2 protein chains.
Amino acid sequence: MASRTRIAIDCMGGDFGLRVSLPAAVNAVRKSPELELTLVGQQTLIEQQLKQDFGDLNKSILEQIIVVDAPDEVTMCDKPSIALRHKKKSSMRIAVNLLHENRVDAVVSAGNTGALMAISCYVLKMLPGIDRPAICTEIPSGDSHLHLLDLGANVDSKAGHLLQFAIMGSALSTVVDGIESPRVALLNIGTEDIKGNEQVKLAGKLIDANAQLNAVGFVEGDQLFNNKADVVVCDGFVGNVALKACEGTATYISQTLKSEFKNNLLSKIIACIAMPVLKKVYKKLDPQQYNGASFLGLQGIVVKSHGSSSVDSFVRAIEQAKKEVESNMLAIIKQRVSLLVEG
Amino acid sequence: MASRTRIAIDCMGGDFGLRVSLPAAVNAVRKSPELELTLVGQQTLIEQQLKQDFGDLNKSILEQIIVVDAPDEVTMCDKPSIALRHKKKSSMRIAVNLLHENRVDAVVSAGNTGALMAISCYVLKMLPGIDRPAICTEIPSGDSHLHLLDLGANVDSKAGHLLQFAIMGSALSTVVDGIESPRVALLNIGTEDIKGNEQVKLAGKLIDANAQLNAVGFVEGDQLFNNKADVVVCDGFVGNVALKACEGTATYISQTLKSEFKNNLLSKIIACIAMPVLKKVYKKLDPQQYNGASFLGLQGIVVKSHGSSSVDSFVRAIEQAKKEVESNMLAIIKQRVSLLVEG
């Protein structure tokens, strides 16, 4: 039992709550016999729903699932400060508490991002040597992907924070992608040294000078997709705007395509013919494909699933957490950060 | 002659120099008999090329075109400071000088953005009451478009600067789109008042409190395309990254579509059938469609055409400058800014 990877699921979070989190949990344990999931939420509801939808679960699967009651929940509209102070019996808070008490190895939640970050920081605390947490996600790039951070845990990041993000993102890429020396770039408004604001220019020098990092300079917004880096670092305000701008563009294009294809009978017929190809493209670009944003810098592994995750993409978030646990990501980050402090 | 709109074209700038600027100039004067274009660049080359490609231009067209010699040029790689100090005989500098001397009403250039901004600020100076210039462009939004600024003239904009950008963007939307009271939004990482960095939160209050502006609050990156605003204001670092991230996403999607359609014989056939619809969509999204970034806040109208502009999109940039001149944009901005100073 000790070798099992134990993950707590905040079952009530996200736009769909149990309707997505429970089937995702069941699918995840079916795929991984070494996984133990602690489902945190309204116990009677969870047990009822499990029985109703998965009454035929065999004993070995049920042994991988534990239910922990949480009478309250954090809603998508709760302010982080309110969630932190007044929702101590919420599924989110109890899941994070379980991690802090070492009763699980990681937490996955599709709930309110701000609340999850506030609760995680308060309960778990930062890793030694890290000043601020960062949110990191994968985006497609070339035929592969890259890790973009920070996506909004911070605003007004200083150069030293950006260096810490670089170390953490690089460690994540090593454990998740198996790349020994991931290429680390800074997001900037030009590729020359003179471009950018003071923090980014200084961070560029710090990252360049750090022997642990494989620095590849600056990338611009339109180079995110060109496979120029494995990790791209930026302030949370910039990263949040950039990621959402990308998502907005993709949505706008797919809507424009759909409306053009619906324009008249001929284009409707063309749409039917083109659908298999279009579906392949949509799938490649689907943000759900890249689900599972990692909260980095905390004394514990927390993975945020999209609020509107599908079952499959929630499973991917669980698998992301599992990978981070099993590859010992926290120890690697700790070790690299300690070099930073010493050096 | 006095009622003509006089525009200087930096003919040597951009990736294609005369190959694009000359046919664009000829097309623009053909379309608008009230336009007078001053072509600035290597005179012998320009005259040779005009004769060779447009030997049959009739007299009235030729009367709309003046050539002014400029022996030097600013390259796309020149640092702004070098261009400003050492390229005083460049086509870009001489075009801006002509504007300063009131021999033309506006300048259009496809050259080096940083150099054009540096030279324009130095020669033309800022409008009274405006501390910093801003670069503004149109992007598609819903069935219409919006004006996004700043796109990189500044980094680390303070709240007061963002308010000035809002005033200028709003004036531009009024003169270009004919919207009396354009909806002005601030780009942020959430729509609640507590979200964002200090500058953006304070700018939100300043814009809200300004009686001239029709403030509609915050928009996030993915809402840029939802027609929630006519003008969206942000710091230049953020705007530059956001715009390029959008362009990068669009390019990535179109490349993915193309490569999927080329995958095998069947998908190649499907591509041929779907091409008319796809072309319509590409055209709608083509950044060339939205060519013509306005430099706002200067004592003169300067429009930047994409470095890789096609002839048609260069013509659009010229028409953008013409519209700004004929609608008296500078006077409108001046008047609105004076209210700001008084109020």
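The values are calculated or read from the model by the stated rules, or taken from the named source; none is laboratory data. The structure displayed is predicted, hence computed values, not measured ones. Neighbour counts are summed over all protein chains in view; Cβ atoms, including those assigned to glycine, are modelled from backbone coordinates with ideal geometry.
The rows are residues; the columns are (1) surrounded by fewer than 19 Cβ atoms within 10 Å (Cβ to Cβ); (2) in the same structural domain as residue A:310 (by TED's automatic domain parsing); (3) over 15 Å from residue A:319 (Cα atoms).
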position	(1), (2), (3)
A:16	yes, yes, yes
A:19	yes, yes, yes
A:30	yes, yes, no
A:39	no, yes, yes
_Looking at A:305, A:313 in this structure, which one is closer than 17 Å to residue A:15 by Cβ, surrounded by fewer than 24 Cβ atoms within 10 Å (Cβ to Cβ) and away from chain B (no Cβ under 14 Å)?_
A:313
_Boolean, residue B:68 is crowded, with 24+ Cβ neighbours inside 10 Å and closer than 23 Å to residue B:314 by Cβ_ = no
*Which of the residues spanning the stretch B:223-242 are more than 10 Å from chain A (Cβ to nearest Cβ) and crowded, with 24+ Cβ neighbours inside 10 Å?*
B:229, B:230, B:231, B:232, B:233
*Those residues that are within 12 Å of another protein chain (Cβ to nearest Cβ), more than 16 Å from residue A:324 (Cβ to Cβ) and touching a strand residue (DSSP E or B) at 6+ places or on another chain (Cβ under 8 Å), I need them from the stretch A:106-139; list them, please.*
A:113, A:139
_Restricting to the stretch B:254-266, name every residue that is outside any helix (DSSP H, G or I) and at the interface with another protein chain (Cβ under 8 Å from one of its Cβ atoms)._
B:263
_Based on this model, can you work out whether residue B:205 counts as of a type outside the set (A, V, I, L, M, F, W, C) and not in a helix (DSSP H, G or I)?_
no
*Of the conditions (1) at pLDDT below 95; (2) in a strand (DSSP E or B); (3) crowded, with 24+ Cβ neighbours inside 10 Å, residue A:139 clears all except one; give me its number.*
(3)
*Working only within the stretch A:149-160, note down all residues that are buried (at least 24 other Cβ atoms within 10 Å of the Cβ) and either more than 19 Å from residue A:113 (Cα to Cα) or out of contact with any helix residue (DSSP H, G or I) (no Cβ under 6 Å at 6 or more places or on another chain) (or both).*
A:157
_For the structure I just gave you, tell me whether residue B:269 is more than 8 Å from chain A (Cβ to nearest Cβ) and either in contact with a Gly (Cβ under 7 Å, 6 or more places away or on another chain) or under 22 Å from residue B:110 (Cβ atoms) (or both)._
no
*Scan the stretch A:288-343 for residues that are more than 28 Å from residue A:27 (Cα to Cα) and assigned to a helix (DSSP H, G or I) and report the count.*
12
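If we only count strands (runs of 3 or more DSSP E) wholly inside the stretch A:1-105, which ones have 3 or more residues that are touching a residue at least 40 places away in the same chain (Cβ under 8 Å) and in contact with a strand residue (DSSP E or B) (Cβ under 8 Å, 6 or more places away or on another chain)?
A:5-10, A:35-41
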*Kindly indicate which of A:331, A:321, A:245, A:215 is of a type outside the set (Phe, Trp, Tyr), farther than 25 Å from residue B:222 by Cβ and crowded, with 23+ Cβ neighbours inside 10 Å.*
A:321
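Can we say residue B:325 is in contact (Cβ under 8 Å) with a residue 40 or more places away in the chain, out of contact with any helix residue (DSSP H, G or I) (no Cβ under 8 Å at 6 or more places or on another chain) and over 25 Å from residue B:15 (Cβ atoms)?
Here the answer is yes, as residue B:325 does meet what is asked.
At pLDDT 95 or above and under 17 Å from residue A:147 (Cβ atoms): which single residue out of A:241, A:216 fits that description?
Details: A:241 fails: under 17 Å from residue A:147 (Cβ atoms).
Selected residue: A:216, the only one of A:241, A:216 that is at pLDDT 95 or above and under 17 Å from residue A:147 (Cβ atoms).
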_The conditions are (1) within 14 Å of chain B (Cβ to nearest Cβ); (2) in a loop (DSSP other than H, G, I, E, B), and residue A:180 fails exactly one of them. Which is it?_
(1)
*Can you tell me which residues in the stretch B:140-156 are facing chain A (nearest Cβ under 10 Å) and of a type in the set (Gly, Ala, Ser)?*
B:141, B:142, B:152
_Going residue by residue through the stretch B:214-222, is there one that turns out to be in a helix (DSSP H, G or I), within 7 Å of another protein chain (Cβ to nearest Cβ), without any contact (Cβ under 8 Å) to a residue 24 or more places away in the chain and under 27 Å from residue B:179 (Cβ atoms)?_
yes
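Taking residue A:229, is it assigned to a helix (DSSP H, G or I) and either closer than 22 Å to residue B:243 by Cβ or of a type in the set (Asp, Glu) (or both)?
Values: assigned to a helix (DSSP H, G or I): no; either closer than 22 Å to residue B:243 by Cβ or of a type in the set (Asp, Glu) (or both): yes.
No: the conditions fail for residue A:229.
Based on what the data block shows, is residue B:173 of a type in the set (Gly, Ala, Ser) and surrounded by 19 or more Cβ atoms within 10 Å (Cβ to Cβ)?
yes
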*Which condition number does residue B:251 fail, the rest of (1) part of a helix (DSSP H, G or I); (2) out of contact with any strand residue (DSSP E or B) (no Cβ under 8 Å at 6 or more places or on another chain); (3) buried (at least 17 other Cβ atoms within 10 Å of the Cβ) being met?*
(3)
